[in-house]
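So the structure is just underneath, and the comments pick up after that.
The values are calculated or read from the model by the stated rules, or taken from the named source; none is laboratory data. Computed from a predicted model, the values in this text were never measured in an experiment. Cβ sites come from the backbone with ideal geometry, for glycine too, and all protein chains shown count toward neighbours. All accessible areas refer to the heavy atoms of the entire protein, side chains included, with ligands and DNA or RNA removed. Shrake-Rupley method; radii C 1.70, N 1.55, O 1.52, S 1.80 Å.
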Amino acid sequence: MAKKITDFFTVSESDSVNVNVYIFCLCLFINRTLSDIEKHVVLTNLWSPPLSYSFPLLKQHVKIKIKFQYRWLEKYCWLCYSEKLEGDFCKYCIVFARTGGIGSQTLASLVLNGFQNWKNALEVFEKHNEHEYHKVAILKGENFLKLFSKSQPNIIEILDDERLKQKKQNRANIIPIIKCVILCGRQELALRGHTDFGPICFKSESEPYINEVNFRAILKYKAEDMEHLNNFLESDGRYKYKSSKIQNEIISSCGDLILKKIVKEVDMAGCFSVLADETTDISVKEQLSICVRYVAGSGTDVYLCERFLMYIEIDSLTGKDLAFSIVNGLNSFGVNCSNMHGQGYDGASNMAGRFKGTQTIVKETYPKALYVHCAAHSLNLAVSAACEIQAIRNYLGVIEKMYCFFNTPKRKNVLVHVIDESDMDTKSKSLKHLCATRWVERYTAINDFIELFPFVVVALDKIYGWNDTTATDARILLNAMDSEFLISLQVVKVIIIII
């Protein structure tokens, strides 16, 4: 292996020694990777024969007596002569053009091998002078020498500075995009990743307006006051940080930061309770939702927190597997499970079982984690049982029938017209559907019906006068609102407010 040039000599910055005194062989630099110092030596401090130098005859050209001509060095600035190899080379191509020509072939003559065909020298030199790779090598060499000068920092420092500038610019461009994603999340605006690709065009007022998706519209509005973001979005660059993949990465990163903040609060609280329940999503995958309940704050500023952590996909609903998923999930989030003082699940046997239930298996490892049947679930069961009372069940059924009856344009217009003609100020203008599972939503539906009850009666009475089958349905609904219905209405009103 050829030695490095620094193995042959050492020159300090204060020395004025001419480096070419120590250089006799160009072969030290051929066919290997060069450092910046070695590149500078090849381009500026190679040995050059004096004017009185007698070039030797080549053995194969003794009869013809053809020698290398000194004037060739003066004519071609890129040409250099090697006394040891008895041939000439292109110093720029040695450093910057190891390959070239059609198909990027390895360059031999004038680069890896010394040129010795003096008979056709001028023709070869002129041809080499016109090659594109040779011209590019000269440009690279000139730029290299400018950057390598003592007044300039070295190439590595320049590349690092440029990299830092590019990093700073990229961060300045991606921060507004991240803020747009967060804004859409807070305002519950859907992200349409499949339509967020491509550059954003800032058209003039005379051009027709194009209604874009929320994310692009917000980003476009924000870029109006940020020149660097405006130029970045309009440029033809490949990376714009707006694709669905980038959006998902941003959302995932935000989720990780929120999760770390919650875990930090839980650990600072010193104790917590875990809440968990399993459900099947729309893709028929069983998921376990994990929440924590803890006390935050200090002194007089103390408040109760209940935070959702994450969904965990599960394959089995046995008590052992669910307990394993809950504990492993909390550990993976970074929560200290030794501070677990409570468990809150539903009353199913796989969760609340005394022998093989999840709460029993978790309690074996963490004895402080007392199990309490989820209060919200218990309330839901109690309300569901109460709704089995005939009078309450009939009352809720009539409300649902009222919603279905007025859920047509013709009948709804009658109800709206009655409301507009009255002097009363109502917050609602229509009836709501009774949610099958969420009692909070049922409160809204029942509260709106109570507020609109007098207008509903008047609207049904008007529809009863119509000469069609709709009048029959209106009469049936009017008869259904008897004394039992009115008493049930007041009872449910009081209870649903408390719930």
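How big is the gap, in Å, between the Cα center of segment 247-278 and the Cα center of segment 333-402? Comparing the Cα centres of segment 247-278 and segment 333-402, I get a distance of 22 Å.
Packing, taken as the mean count of other beta carbons within 10 Å per residue, orders the peptides 353-359, 169-175 from highest to lowest as 353-359, 169-175. With each label modelled as a point 7 angstrom along the Cα→C-beta vector, the Asp267-Asn248 pair spans 3.0 nm. Which links in Lys179/Lys261; Lys285/Lys320; Lys320/Lys363; Lys165/Lys264; Lys119/Lys140; Lys39/Lys119 stretch past 23 Å when you go from one Cα to the other? Table pairs above 23 Å Cα-Cα are Lys165/Lys264; Lys119/Lys140; Lys39/Lys119. In the full protein context, segment 387-499 carries 60 Å² of accessible surface per residue, based on a 1.4 Å probe and ignoring ligands, DNA and RNA.
With the full set of protein chains in place, find how many percent of the accessible area of segment 400-493 is carbon and sulfur; take the probe as 1.4 Å. Answer for segment 400-493: carbon and sulfur cover 54 percent of the accessible area.
In summary, the aspartates and glutamates within cross-link reach of Lys91, defined as a Cα separation below 15 angstrom excluding same-chain residues under 8 places away, comprise Asp36, Glu38, Glu74, Glu83, Glu142. For Lys429 and Val494, FRET efficiency with R0 = 22 Å and r from the beta-carbon atoms, rounded to 0.05? With a Förster radius of 22 Å, E is 0.30.
Mind ordering 360-369, 176-185 by average Cβ neighbours within 10 Å, highest first? Can you show the working numbers first?
Values: 360-369: 15.8, 176-185: 18.2.
The most tightly packed comes first, giving 176-185, 360-369.
Dividing the mean sequence gap of close Cα pairs (under 8 Å, 6+ apart) by how many residues segment 428-499 holds gives a relative contact order of 27 percent.
Accessible area per residue for segment 242-336, computed on protein heavy atoms with a 1.4 Å probe, is 59 Å².
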